[in-house]
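**Student:** Take this structure, written in structure tokens, and hold onto it; I'll ask about it next.
Bear in mind these aren't lab numbers, they're just calculated from the coordinates by the rules spelled out. Given the structure is predicted, the values throughout are model-derived calculations rather than measurements. Cβ sites come from the backbone with ideal geometry, for glycine too, and all protein chains shown count toward neighbours.
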Amino acid sequence: MSSSKLKKGPGGEFPNFLGILSLTDKTKFCPKIFFSVTGLEKVEFSVRCNLSRPLLYKDEIDLKLLKDLKNGILQIVFATDLAFELFKYDTVETRHIALHELTKEQIKRLKAQTVQWLCSPSQLLFGKSPLDVCLLGKGHELIRWLQAKLGYEEGVSVVT
């Protein structure tokens, strides 16, 4: 999976709106933030993803160490970035405001909508949540669907 084809933010990188990756270079997974955002328990996550639980107590984990889970985590980040942007455009109050001009309250509300979407089962996903689909590494179509909803060019994909 590559971030190079994702629509870039003002800083030249993908936004990482929920902060699931390290803020400095986005090459590290931040378990504490992930668990805080998703409400998942470390035990449940370690079993589902076949990870050593002590690893999840670190502040940051290099994505290279996560091997099989790396794609799933990146898909979660890409999907939540796109969903955040979609919710911004779907809200009359924020539709015409640039991302960097949003107030803290608007950002908080959009993040809450994004997290609710991420963790909620969907009939379109056969009863699974976007989080589940991405953790399985099967978020490609979900990401393409979000991109289409945002009007991104056909063929532009975050998945290589």
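**Student:** Do any GluC sites (Glu not before Pro) in the stretch 71-114 lie in a DSSP loop with no more than 14 other beta carbon atoms within 10 Å, and if so, which?
**Tutor:** The qualifying sites are E93.
**Student:** Next question. Between D62, D132, D81, where does the largest GNM mean-square fluctuation fall for the chain, given springs only between Cα atoms within less than 10 Å?
**Tutor:** It is D62.
**Student:** Sum -39500 (n - 2.57) across every DSSP H segment of at least 4 residues in the chain, then divide by the residue count to get the 222 nm mean residue ellipticity, nearest 500.
**Tutor:** It lands at -13500 deg cm²/dmol.
**Student:** Now a separate question. Answer rounded, prolate or oblate for the stretch 62-128, using the Cα gyration tensor with square roots of eigenvalues a ≥ b ≥ c: rounded when a/c is under 1.5, else prolate when a/b is larger than b/c, else oblate.
**Tutor:** In terms of gyration-tensor shape, oblate.
**Student:** Taking trypsin sites (Lys or Arg not before Pro) as exposed when DSSP calls them loop (any state but H, G, I, E, B) and at most 10 other Cβ atoms lie within 10 Å, what is the longest stretch of the chain free of them, the sites themselves excluded?
**Tutor:** It runs 1-66.
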